[in-house]
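S.K.: Take this structure, written in C-alpha cells, and hold onto it; I'll ask about it next.
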Amino acid sequence: MKITLKNCYLFILSFLVVLFASCSVTDSRYERLLGTVCFVNLYESGKENIYDEIFERLRQIDDEFDLFQPQSDLYRINAFSDERPVLVSDDVFTVLEMSQKVSALTNGAFDITVEPLVALWRITSDTPHVAEQYEIDQILPLVDYRNVILNPQDKSVQFTKKGMKIDLGGIAKGYAANEVVRICKKYKVRRAVIDLGGNVYVYGKKKKSGLWNVGIKNPEHPDMAPLVKLTLPEISVVTSGIYERYFETKEKLYHHILSPSSGYPVDNELNSVSVISEDSMLADALTTAFFVLGRKESMKIIPSLREYFGVQIEAVFIQKNHNIFFTKKFPYKYTVLYEDWHSASD
Ligand code: AMP
Ligand code: MG
C-alpha cells in the first residue's frame, strides 16, 4: 500500500490563529518546543527578561515531558513504571492527576495509556503504519487508565501491567499554556497571546474593546481564512482536529486521535472540536476526549464537568457535514465566515 505522508506541522500554518487573534506580531517570540511551535506575544518592548523566563520554563517542561530523552520523567515512567514506582516532578504529577480525572469523567475516552497504540500507528512519524486488527488486539489489553497508580505522598507513578506506556501529547501543551499565563500574572503583564501549537490563550485585555478575536481553523482548508471567529475576554481556546496530524492512503485518512476502546483513529461525525475554558490543561484534555466521545455524548456531560472542575467549559463542534454546533447558551459572540458552513443547534 502506498502511503503519502502529509506533514501538517507547517511552521507558517501554526501562526494563523495567532495572527487572527492579535493582528500584530511585534515584540513576539517563538521557539520549537513540545513537538510544535510555541509562540508568545507580550505586546510590549523591553520585556526580554519575561520572554526569557517564559521560554526557559517551556524548555524545562519540554525536557520533563520528552518521550525520547533518557533523563526525562516521561522516558523513565515508560521504561520502569511497569516494574516499580517511579518518582516524577511536580509538573508531570500535576498533569497525570488531571489526566486521570478527565479519564474517569469521560468514561475513558481520554486515556494516556494509548501510547502503545500511538507507537503502533506512528501517525505523526515519517513511517506511518496501517495497523492490522491482530496487532491492535495484542495491544488493547495494555490500554486502560485504571491500571495507572498515582501516589500523591511521594509523587510516584506505577503501572499494574507489564508493557504499559503513557503519552501526554493530548494534555501537556495545555499545562504549558497555563504555566505561561502564571508567569504573565507574576509580572503583571497587561496583555499577551500564547499559542502553543493550537493551544491558544488570550490573556489580559486587548486595547479598546478589551476583547480578543480568535479564529477556529477551517478543517478542510486549515491554511486559509478561519472558519469561525470568536470574540472573547481572557480565556483559552484549544482545538483538536483531524487535519492537524494525519496520513492518507489511497483509501482512507488516518489521524492522530485514537479510540482507546477500538484502537483505531476515531471515525465519527467530527472534523474538529474546540474547548474554551480558563484552564488550558483541562481544555486540552477535553478536546481530545470530546473528539472521541462525539458531539452528543460530550454535550451531555459538559454540565457535570463544569460543576466538578468549577470552571467555564464551552465547546464548538465542527462536523464533516458543515454543521457547527455550539454549547447551549454559548456566551461569546461568534461569526461563521464561510457561506457553505452553518451554525446548528440540537
Ligand atoms: P490533541 O491534539 O490534544 O487531541 O492530542 C492528540 C495527541 O494525544 C495524539 O497525538 C496522541 O499523542 C495523544 N492521544 C491520541 N488519542 C488519545 C486519547 N484517546 N486519549 C489521550 N491521548 C490521546
Ligand atoms: Mg488535547
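The values are calculated or read from the model by the stated rules, or taken from the named source; none is laboratory data. Quantities reported herein were computed from a predicted structural model and do not represent experimental measurements. Note that we place each Cβ from the backbone using ideal geometry, even for glycine, and neighbour counts take in every protein chain shown. What goes into the accessible areas is simple: the full protein's heavy atoms, side chains included, and nothing from ligands, DNA or RNA. Shrake-Rupley method; radii C 1.70, N 1.55, O 1.52, S 1.80 Å.
S.K.: Viscosity 0.890 mPa s, temperature 25 °C: what is the translational diffusion coefficient of the stretch 157-197 from Stokes-Einstein with a Kirkwood Rh over Cα pairs, rounded to a whole number of µm²/s?
M.R.: Estimated diffusion coefficient is 193 µm²/s.
S.K.: If you roll a 1.4 Å probe over the heavy atoms of the protein chains, what accessible area per residue do you get for the stretch 55-121, in Å²?
M.R.: Result: 41 Å² of accessible area for each residue.
S.K.: Also: Considering only protein heavy atoms, what per residue accessible area in square angstrom results for the stretch 259-346 with a 1.4 angstrom probe?
M.R.: 44 Å²
S.K.: How far apart, in nm, are the 7 Å Cα→Cβ label points at residue 79 and residue 125?
M.R.: Label at residue 79, label at residue 125, 1.9 nm between them.
S.K.: Separation between the residue 337 and residue 63 pseudo-spin-labels, each 7 Å from Cα along Cα→Cβ, expressed in nm?
M.R.: So the two model labels end up 3.9 nm from each other.
S.K.: Shifting gears a bit: How big is the Kirkwood radius of the stretch 146-235, worked out from every pair of different alpha carbons and given in Å to one decimal?
M.R.: For the stretch 146-235, inverting the mean 1/r across all distinct Cα pairs yields 16.2 Å.
S.K.: Run the paramagnetic zone check for residue 27: 7 angstrom along Cα to Cβ, then residues of the stretch 43-71 with backbone nitrogen under 16 Å.
M.R.: Counting backbone N atoms under 16 Å from the label point, the list is 43-54.
S.K.: Å³ per residue of the Cα convex hull, for the stretch 54-164?
M.R.: Here the figure is 124 Å³ per residue.
S.K.: Per-residue ellipticity at 222 nm for the chain, helices alone: DSSP H runs ≥ 4 residues times -39500 (n - 2.57), over residue total, nearest 500 deg cm²/dmol?
M.R.: Computed ellipticity for the chain at 222 nm equals -9500 deg cm²/dmol.
S.K.: Follow-up. Pairs of Cα atoms under 8 Å, at least six residues apart: use those to get the relative contact order of the chain, whole percent.
M.R.: 19 percent
S.K.: As a test question: what accessible area, to the nearest 10 Å², does residue 242 have when a 1.4 Å probe is rolled over all protein chains in place?
M.R.: Accessible area, nearest 10 Å²: 20 Å².
S.K.: Using alpha carbon centroids, what distance separates the stretch 28-42 and the stretch 251-286, in Å?
M.R.: 23 Å
S.K.: How large is the charge dipole for the chain, taken about the Cα centre, if only the Cβ atoms of Lys, Arg (+1) and Asp, Glu (-1) carry charge, to the nearest 20 debye?
M.R.: About 1080 debye.
S.K.: Assuming 0.692 mPa s and 37 °C, estimate D for the chain with Stokes-Einstein, Rh taken as the Kirkwood radius over Cα pairs, in µm²/s.
M.R.: 160 µm²/s
S.K.: Hey, another quick one. If ligands, DNA and RNA are left out, what is the accessible area of residue 136 with a 1.4 Å probe, given in Å² to the nearest 10?
M.R.: Using a 1.4 Å probe on the heavy atoms, I get roughly 0 Å².
S.K.: What are the GluC sites (Glu not before Pro) within the stretch 282-346 that DSSP puts in a loop, where the Cβ has at most 11 other Cβ atoms within 10 Å?
M.R.: Listed in order of number, the matching sites are 339.
S.K.: Can I ask one more? What spacing in nm lies between the two simple spin-label points modelled at residue 90 and residue 187, each 7 Å away from Cα in the Cβ direction?
M.R.: Label-label distance for residue 90 and residue 187, simple model: 2.0 nm.
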